[in-house]
Structures are given as structure tokens and as C-alpha cells.
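Colleague: Before anything else, here's the structure in question.
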Amino acid sequence: MSNCAVESTTVETIDGVQLRTRLFKPLEEIKDDLVVVLVHPYSVLGGCQGLLKGIAAGLAGKGYRSVTFDMRGAGKSSGRASLTGFAEIKDVIAVCKWVSENLSVGRILLVGSSAGAPISGSAVDQIEQVVGYVSLGYPFGMIASILFGRHHNAILKSPKPKIFVMGTRDGFTSVKQLNNKLSSAAGRVETHLIEGVSHFQMEGPAYDAQMD
């Protein structure tokens, strides 16, 4: 973490939830006014902002400010996690609003990991400052769609540019399922497949360098 400075703060959502938030700042010159907001995996299964610390620090080391936060019910944030992730959309919107107002930026890149991908995907078009979206292991598969299926249309219909990163051995979504879903997506869409990697491997530090 020596390549960046970390500041902690608390962001309040529209419904009064207190979100523990961290800003990762480059020690050297900031390259761009773009800020990357990272949304962590499923809170119900232990997801928290700490899983994204490596990516956030890596981005800061390359000159980009990045923000992580614990969604409601995760870590030291207040509130209660929801099963389907719809309450958490408010969390993403609140953090992006805080970024826009407090860091004086007009451009945000939204990055969601695992269940954080459908949650952040549903927020993309609700936040004017978001100029692009990155998914890390979007759970498009049939079983995962029981929980997150109602999020799909929001990101697939968004005109904003998006890239989907996934391991070829992802247990929640096959490469065929990913391609089928994206075949009807609007706007600029790209995919990046990591050969031989499973869903949960992408949450580990060994792949941080490939994620930033």
C-alpha cells in the first residue's frame, strides 16, 4: 500500500444508511480526473470492500483515484444486506454522488465484482457522471439469475460503454451464456476472458494485476 495514500470517510445514503468508504489516492501526480468506484461481491456471502483493496491500490499506483466501500450490512456499514441487491443500488448512487461532489470530478468509471456487477450495472444510467462500466464475473447463469436476473436489462440496455471480464471456468456463468446475453446489448461492448480461471479466483490477490 506504499504506492498510495488511503483516506476513510462515511457516506450517507438517501435512506439514512451509513457506508464506510475508502479513497485511494496516488502519491505521485494524478493522471486523470476520472475516478474509479469499485463495488464489492455479495454481502450475504461475506463480500466487503477489503476484497477490492488490491485493485484500488493498483489503480492508485498508476495515477488514478479509486474508491471502495462496504455496502449496507457489510463490514462496518449500517443497515441490512438484501438478497437481490436492489436496496444496494442506493449505496452505489450515494457513493458516486459523494465522489462527484467532494472530489470535483465529472467522470466516474463504475466497476462491479461478482454480485457487485449486477448491482452497479443497475446504477449506471441513474448516475450522470458514470462514463463507463466494468464487470468482473457478472453472474448471468440460470441459478444466479434467480437472485439477480431482474438486474440484467439495466446494463444490457445502457448505451454507455462496458466491458465484461470473466474466467473461462466461472461456475456461475459459462462463456456461451455470457456471449448470448451480450449479443443483444446496446452500445459499445467488449469482453475479456481469463483462461482457466474460476469465479472466486478472480477475487483473490493473485489476479489483482489483471483486474486493473
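Colleague: Compute the accessible area per residue over region 56-212, keeping the other protein chains in place, probe 1.4 Å, unit Å². Write out the running numbers ahead of the final one.
Modeller: Details: 6830 Å² over 157 residues.
Normalised by residue count, the accessible surface of region 56-212 is 44 Å².
Colleague: Here is a follow-up. Apply the membrane-span-like helix rule to the chain: whole DSSP H runs, Cα extent along the own long axis of at least 27 Å, mean Kyte-Doolittle hydropathy at least -0.5. List the helices found.
Modeller: Details: long enough: none.
Span-like helices in the chain: none at all.
Colleague: Among rounded, prolate and oblate, which fits region 76-126 when a ≥ b ≥ c are the square roots of the eigenvalues of its C-alpha gyration tensor, a/c under 1.5 means rounded, and a/b larger than b/c means prolate?
Modeller: Values: a/c = 2.31, a/b = 1.47, b/c = 1.57.
Oblate is the answer for region 76-126, as a/c is 1.5 or above yet b/c matches or exceeds a/b.
Colleague: Take the alpha carbon gyration tensor of the chain, find the square roots of its eigenvalues, order them as a ≥ b ≥ c, and report rounded if a/c is under 1.5; if not, report prolate when a/b exceeds b/c, else oblate. Display every interim value, and only then the final one.
Modeller: Values: a/c = 1.43, a/b = 1.26, b/c = 1.13.
Judged from the Cα gyration tensor, the chain comes out rounded (a/c under 1.5).
Colleague: Loop only by DSSP, 16 or fewer other Cβ within 10 Å of the Cβ. Give me the trypsin sites (Lys or Arg not before Pro) in region 118-196 that pass, ordered by residue number. Please report the intermediate quantities before stating the final value.
Modeller: Numbers: sites: Arg150, Lys157, Lys162, Arg169, Lys176, Lys181, Arg188; in loops: Arg188.
Here the sparse-neighbourhood loop sites are Arg188.
Colleague: When the accessible area of region 101-162 is computed with all protein chains present and a 1.4 Å probe, what percentage of it is carbon and sulfur?
Modeller: Working: 1330 of 2390 Å².
That fraction is 56 percent.
Colleague: Now for a separate question. Within the chain, what's the longest stretch lacking GluC sites (Glu not before Pro) that sit in DSSP loops with no more than 15 other Cβ atoms inside 10 Å? Please list the in-between numbers first.
Modeller: On the way: sites that count: Glu28, Glu29, Glu128.
Counting at most 15 other Cβ atoms within 10 Å as exposed, the longest clean stretch of the chain is 30-127.
Colleague: In addition: Given labels modelled 7 Å from the Cα in the Cβ direction, how far is it in nm from Glu101 to Val131?
Modeller: In this crude spin-label approximation the distance works out to 2.3 nm.
Colleague: I'd like the trypsin sites (Lys or Arg not before Pro) in region 80-134 restricted to DSSP loop residues with at most 16 other Cβ atoms within 10 Å, sorted by number. Could the numbers behind the result be given before it?
Modeller: Numbers: sites: Arg80, Lys90, Lys97, Arg107; in loops: Arg80.
Taking region 80-134 and a limit of 16 other Cβ atoms within 10 Å, the loop trypsin sites (Lys or Arg not before Pro) found are Arg80.
Colleague: Turning to a different aspect of this structure: Pick from Val92, Val111, Val189: which is most flexible by mean-square fluctuation in a GNM of the chain where alpha carbon atoms under 10 Å apart are linked?
Modeller: Val189
Colleague: Full extension from Ala5 to Ile146: what is 0.36 nm times the residue separation minus their Cα-Cα distance, to one decimal in nm?
Modeller: Numbers: separation 141, 0.36 × 141 = 50.76 nm, distance 3.97 nm.
Taking Ala5 through Ile146 to full extension adds about 46.8 nm, to one decimal.
Colleague: What does the charge add up to near His152, with Lys and Arg as +1, Asp and Glu as -1, over the other residues with Cβ less than 14 Å from its Cβ? Could you put the intermediate results ahead of the total?
Modeller: Details: positive: Arg150, Lys157, Lys162, Lys181; negative: Asp125.
Combined, the nearby Lys, Arg, Asp and Glu give +3.
Colleague: Between the alpha-carbon centers of region 18-35 and region 51-70, tell me the distance in whole angstrom.
Modeller: Region 18-35 and region 51-70 have Cα centres separated by 7 Å.
Colleague: Would you count, across the chain, every pair of lysines whose alpha carbons are under 20 angstrom apart, provided the pair is eight or more residues apart or spans two chains?
Modeller: Here the count comes out as 16.
The values are calculated or read from the model by the stated rules, or taken from the named source; none is laboratory data. Remember, it's a predicted structure, so these values are computed and weren't measured experimentally. When we count neighbours, we look across all protein chains shown, and the Cβ atoms used for this are built from the backbone with ideal geometry, even at glycine. Only protein heavy atoms, including side chains, enter the accessible area calculation; ligands, DNA and RNA are left aside. Shrake-Rupley method; radii C 1.70, N 1.55, O 1.52, S 1.80 Å.
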